[in-house]
Amino acid sequence: MQDSPTTITPRDTIEEAIVSGILNARIRPGTRLSENQLAGLFGVSRTRVREAMMRLETRCIVHVSPRRGWFVVEPSAEEAMMVYGARRVIEAGLLRSMRALSDDGRAAIRSHLAEEKAAMEAGDRQRLTCLMGDFHIRIAELAGNPVLTEILRDLTARTILISMLYQSDFHALQSHLGHCRIADAMEDGDFAKAAALSIEHLDEVETGLDLTQRPDPLSELRSSLSLPPRSVPVP
């Protein structure tokens, strides 16, 4: 019997696990994703794994290398700029389309900001990375457009991969304050201001990237051999 449209299939579970792993900063750019290992972990055939990976490839989350297998993407500097450009358009447009913030929505945002502050005080960078990205996804959920929510979720995952490659300093307080300003404008019902603040916030984050750096193709082997990180970027 075929799966019904509402059934959660192993393929969906594989995709969700990989995207969630990236959003939580547990899966790094360039990570190899073995079909055999994934098939064993999820109890499915390699064909089902391959189907899931091909879907992730269309979402620009993974890519396939001939005779080597599947890998999490390592966005180039040019791709990084395009991702941030897309996020500006989508997030600003999303906020401009909103008309009101419900009491539940207000409580959800304030709870999220409190989580960001607690993670910052605890020095939990991995948790912070997840929360910083999740803030934007939560806004999309509050706007009530599941199509844009999924698009923004993928863009946020790609943004986290970008930050792992190109962000040398983690400006947690700056990002948190940017989120607070957006939340304040939303609570005031000034969604045009919130949209402008979202663009300003993304501009600040992108400015903090060092796009002159290039991914180190030997980073995984370098780490395994306990060698120091490459200090000189490839021109």
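The values are calculated or read from the model by the stated rules, or taken from the named source; none is laboratory data. If you're wondering where the values come from, they're calculated on a predicted model, not measured in any experiment. Neighbour counts run over all protein chains shown; Cβ positions are idealised from the backbone, glycine included. Quick note on the areas: whole protein, heavy atoms, side chains included, nothing else; ligands and nucleic acids left out. Shrake-Rupley method; radii C 1.70, N 1.55, O 1.52, S 1.80 Å.
So the values come out like this:
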| quantity | calculated |
| --- | --- |
| 3J(HN,Hα) from dihedral phi, segment 60-76, Karplus parametrisation 6.51/-1.76/1.60, rounded to Hz, x for glycine, proline | 6, 9, 10, 9, 10, 10, x, 6, 10, x, 9, 9, 5, 5, 10, x, 6 |
| Probe 1.4 Å - accessible area at THR31, Å² to nearest ten | 40 Å² |
| Solvent-accessible area of SER97 with every protein chain in place, 1.4 Å probe, in Å² to the nearest 10 | 70 Å² |
| Rg followed by Dmax, in Å, when segment 14-74 is reduced to its Cα trace | 10.6, 29 |
| Sparse-neighbour loop sites [GluC sites (Glu not before Pro); segment 93-149; at most 14 other C-beta within 10 Å; DSSP] | none |
| Distance from segment 77-140 to segment 143-172 (C-alpha centre basis), Å | 9 Å |
| Mean shadow area of segment 73-169 over all directions, Cα convex hull, nm² | 6.7 nm² |
| Exposure rank, largest accessible area first [LEU209, LEU173; 1.4 Å] | LEU173, LEU209 |
| Rounded to the nearest 10 Å², the accessible area of VAL83 at probe 1.4 Å | 10 Å² |
| Added length on full extension, which subtracts the Cα-Cα distance from 0.36 nm per residue, ARG99 to SER168 | 21.1 nm |
| Coordinate range along principal axes, alpha carbons of segment 1-158, Å, largest first | 49, 39, 32 |
| For VAL62, distant residues with modelled amide H under 5 Å away | GLU57, VAL73 |
